[in-house]
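Throughout, read-outs are computed from the coordinates displayed, never taken from laboratory work. Every value quoted in this text rests on a predicted model; they were computed, and no experiment measured them. Heads up, the Cβs are rebuilt from the backbone with ideal geometry, glycines too, and the neighbour counts pull from every protein chain shown.
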Amino acid sequence: MVYDNVVKAEFIRRPNRFIAEVIIDGRKETVHVKNTGRCQELLVPGCEVWLTAPGTLDRKTKYDLIAVRKSNGVLFNIDSQAPNKVVKEWLASHNFDSVISEYTYGESRIDFYMEKDNRKYLMEVKGCTLEMDGVGYFPDAPTERGVKHIRELIQARKAGYQAILAFVIQMDGVSEVRANWDTHPEFGAALETAKTEGVEIRFFRCHVTPESLTVVS
């Protein structure tokens, strides 16, 4: 996926989870943060960030904050909508007979339902923006919704679906995502149960630029 109208800025602070203050061309601007996670190790004062101006009318903020360079030099895409977009592009190139987004299963909306060769698939997508020592971790904040989705996938697997929990790694150089037990033990336990019940855990490795996020494997 590719962004239009991308500009570089300097991060100042994040007053709340929805907005940030940045410096663009010497002026201070309030921008929308497209990620409600903590991102504390990424969004530190003085770091480089990249913004996109989608041009939507009647917005309170002109720009969306979509990428940040971590202190280790690695560029991170932190747009929480990007993982589903790149997975949808990936699915479109893999000859499924049917792909339906936001598919209702049980008491949840699962990101994708697919059919291929008379087999039915359900895939839930999670974006990973937390990295420690070259390993990705999820979540960076407690997610009861994430636990609920895993439980739905487990039930779907028992019902005969090919159930997939996919982690989109929104940085270069990381190939694995582990449960962040310290932040949300319940998610870690649910993930381990999913593995034993036959839910496929898939990692989408990505290449990140300020203007794009691309699945590489």
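Side notes on the structure shown:
- Those GluC sites (Glu not before Pro) in region 169-200 that DSSP places in a loop and that have at most 16 other beta carbons within 10 Å: Glu176, Glu197
- Radius 13 Å from Cβ of Ala194, net charge of other residues (Lys, Arg +1; Asp, Glu -1): +1
- Summing Lys and Arg as +1 and Asp and Glu as -1 over all other residues whose Cβ lies under 15 Å from the Cβ of Ser175 gives a net charge of -1.
- The calculated 222 nm mean residue ellipticity attributable to helices in the chain amounts to -5500 deg cm²/dmol, summing -39500 (n - 2.57) over DSSP H runs of n ≥ 4 and dividing by all residues.
- D_trans [Stokes-Einstein, Kirkwood Rh over alpha-carbon pairs] for region 13-132, 20 °C, 1.002 mPa s, µm² s⁻¹: 130 µm²/s
- Inter-part distance, region 39-112 to region 170-217, computed on C-alpha centroids, equals 15 Å.
- Across every direction, the projection of the convex hull enclosing the Cα atoms of the chain has a mean area of 12.5 nm².
- Taking the three principal axes of the alpha carbon atoms in region 92-174, the coordinate ranges are 42, 30, 19 Å, sorted in descending order.
- Modelled label reach - Arg151, point 7 Å along Cα→Cβ, region 97-119 residues with backbone N closer than 13 Å: 106-108
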